[in-house]
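Input: a single structure, listed below in structure tokens.
What follows draws every value from the coordinates through simple rules; no lab data is involved. Note that the structure is a prediction, hence the values are computed from the model and not measured. Cβ: placed from backbone, ideal geometry, glycine included. Neighbour counts: every protein chain shown.
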Amino acid sequence: MVATYDIERSFDWNYDNGPVYEGGFPEVPKTPQKDFLGLGVNSRIGIPAGLLLNSRWIEFYGRMGFDILTYKTVRNQYRPCYDLPNWVFIDRDDQIDPRILDEAQKMAAGDPSDPLAATSSVSFGMPSKAPDEWMPDVAAARRVLRSGQVLIVSVVASSKPGTSVEDMVREFGDLAAMAREAGAQMVEANLSCPNVHKSEGEIFLDAELSGEIAAAMQKGANGIPVLLKLGHFADEELISEVLHAVEGKASAVVMVNGISRRVVKDDGSAAFGEGREMSGILGRGIHAFSLDNVKSALEIVKKDRLSLKIVAVGGVSRIGDAKEFFDAGAAAVMLGSAPMFDPTLAIQFKKSHPEW
């Protein structure tokens, strides 16, 4: 299996050497320009925070026709990646029931025959280069964008012992300002990473705190759109509370990020090693409930006449997956892991649906 991110190698190796790709650059179909949060884009097809490690990755996927490109989540300090392994495949071909929280996911014995149809688990820990490295690189990423493409920079505050809520909110705002200064056209607060400390990964479940962070981000962003990346909601009422709390502060929410679950080997031991029992689940197995959450959010936006846009993500690897999200009313559709295995997906989508 050839992927642009080599899961057998470290995050730093992929940062320095990726993307792994030996093919040429196919011709990208010309498509009518659309609007995305006030900026003109060639398509509303993008990649969320995660895969685009630096400006070289941004340039590669931009040349492959993805037009909304999210720079991997960064911090105000260096944070190393967890040790290998960071990525494993899950032994299942059906949809995960998000209501069953204690069901352990079993690690697959080998690589899937069709990685686009696979469910995976990741454990990276939201690593970040230091600002003196990522800020100049964001500027470089902005320079390699083509006409009709936009750069989002994803940020997260770093949870440390003794950090107050006020300090964390302030840090999100400061990071928004740093991202804007570096060249971001939009900035995203990652409130939902499924494989980090609970205080970093479950912020989105606190409506009041999400609203405070959105306000701080809006101030720091100083005029550029603010997005909030959210995880799965088991309670539709809570979706409404969060959307209302961030209304008028954020321009959009990105949902659904992966879910956190226990992942085990055949012998029951933790797939990623002791201390990393919980990890993020993504890919095919999370598509159905991601679609349900997005539809619920869109219904709330319509019913309550909110100005928020909903950016959809979750298990998209086929044209039909994206169509479900667009038909529901999503402002854009992001492909998280699938472009690793087939970088030409945006080209395929554009050929089939130039209106996207």
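Of the cross-linked pairs 229/323; 30/72; 34/219; 309/350, which ones have a Cα-Cα span greater than 29 Å in the structure shown? Can you show the working numbers first?
Numbers: 229/323 21 Å; 30/72 27 Å; 34/219 27 Å; 309/350 22 Å.
Beyond 29 Å between Cα atoms: no listed pair.
How much mean residue ellipticity at 222 nm does the chain get from its helices, if each DSSP H run of length 4 or more adds -39500 (n - 2.57) and you divide by all residues, to the nearest 500 deg cm²/dmol?
Details: 11 runs with 118 residues, N = 356.
That calculation yields -10000 deg cm²/dmol at 222 nm.
Given 190, 42, 124, which one lies farthest toward the positive end of the charge dipole of the chain, if we put +1 on the Cβ of every Lys and Arg and -1 on the Cβ of every Asp and Glu?
Farthest towards the positive end: 42.
So if each residue of separation counts as 0.36 nm, and I subtract the Cα-Cα distance between residue 84 and residue 97, what length gain in nm does that give? It would help to have the intermediate numbers written out before the result.
Values: separation 13, 0.36 × 13 = 4.68 nm, distance 2.78 nm.
Extra length available between residue 84 and residue 97 comes to 1.9 nm.
Within the stretch 280-321, which trypsin sites (Lys or Arg not before Pro) sit in a loop by DSSP and count at most 15 neighbouring Cβ atoms inside 10 Å?
Passing sites in the stretch 280-321 are 305.
Provide the gained length on full extension for the span residue 25 to residue 236, in nm with one decimal, where the gain is 0.36 nm per separating residue minus the Cα-Cα distance.
Fully extending the segment from residue 25 to residue 236 adds 71.7 nm.
Just need log10 I(q)/I(0) for the chain at q = 0.09 Å⁻¹, Debye formula, equal scatterers on the alpha-carbon atoms, no solvent, rounded to two decimals.
The Debye formula, applied to the Cα set alone, gives -0.43.
Dipole size in debye (nearest 20) for the chain around its Cα centre, Lys and Arg Cβ +1, Asp and Glu Cβ -1? Before the final figure, lay out the partial values.
On the way: 37 positive and 49 negative charges, 239 e Å.
Rounded to the nearest 20 debye, it is 1140 debye.
Using a basic spin-label model with each label point 7 Å from the Cα along Cα→Cβ, how many nm lie between residue 319 and residue 17?
3.6 nm
Starting from the Cα-Cα distance between residue 344 and residue 117, subtract it from 0.36 nm times their residue separation and give me the gain in nm to one decimal.
Numbers: separation 227, 0.36 × 227 = 81.72 nm, distance 1.58 nm.
Gain in length upon complete extension: 80.1 nm.
Among 290, 307, 192, whose mean-square fluctuation peaks in a Gaussian network model of the chain (Cα, cutoff 10 Å)?
Taking springs between Cα atoms under 10 Å, the residue moving most is 307.
Between residue 189 and residues 5 or more places away or on another chain, which pairs have amide H atoms under 5 Å apart, with H built 1.01 Å from N, and which residues are they?
155, 227, 228, 229
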